[in-house]
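First comes the structure, then the notes that go with it.
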Amino acid sequence: MATIREKFVKKGKWKTIESFFNANGVAFFKAPNDASIKVRYGVGWFGKDRQKQKLDGRTYKKLQVGKWSLTRARMQIKVKKDTNVTYYVDGGGVAQNSPEIRF
């Protein structure tokens, strides 16, 4: 189900904002400017970072989770100052090029 979510994120460390286990999903982010986003697969020392991107505040950046979520997948964000982050997430699949709902 597609939805727009808003979460408060503190500066400094990577913060998990969506988790997937044995599921597909897609999310789109636009702001805050200079925030970093990524997908982390696996757990602990066995984890791998993928799709790392930097937000520019103007264009949508897409994270997607597919078959690798059989272990565990987390969409994470790292911000430079405490802020609210608004993003679009859809757990229904990864075949989207842009969010269905603009934000």
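For segment 18-29, taking the residues that are open to solvent by 10 Å² or more (accessible area, probe 1.4 Å) and closer than 13 Å to Val89 by Cβ, the one that is modelled with the lowest pLDDT is identified as Ala23.
Applying a threshold of 8 Å to beta carbon distances and a minimum spacing of six or more residues, or different chains, the list of pairs starting in segment 31-43 at a residue that is over 7 Å from Leu55 (Cβ atoms) and hydrophobic (A, V, I, L, M, F, W, C) and ending at one that is open to solvent by 50 Å² or more (accessible area, probe 1.4 Å) and not in a loop (DSSP other than H, G, I, E, B) reads Val39/Asp49; Val39/Arg50; Val39/Gln51; Val39/Gln64.
Take the conditions (1) open to solvent by less than 10 Å² (accessible area, probe 1.4 Å); (2) at pLDDT below 95; Met1 misses just one of them, which is (1). From the list Gln64, Gln51, the lone residue that is more than 14 Å from Asn84 (Cα to Cα), free of Cβ contacts under 8 Å to residues at least 24 places away in the same chain and surrounded by 14 or more Cβ atoms within 10 Å (Cβ to Cβ) is Gln51.
Conditions (1) in a strand (DSSP E or B); (2) at positive phi, marked per residue:
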residue	(1), (2)
Lys7	yes, no
Gly12	no, yes
Glu18	yes, no
Phe28	yes, no
Asn33	no, no
Val39	yes, no
Asp49	yes, no
Thr59	no, no
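The values are calculated or read from the model by the stated rules, or taken from the named source; none is laboratory data. This structure is a prediction, so every number in the text was calculated from the model and none was measured. A quick note on method: Cβ atoms are made from the backbone with ideal geometry, for glycine too, and the neighbour counts reach across all protein chains shown. Keep in mind that these areas ignore ligands, DNA and RNA; they rest on the heavy atoms of the full protein, side chains included. Shrake-Rupley method; radii C 1.70, N 1.55, O 1.52, S 1.80 Å.
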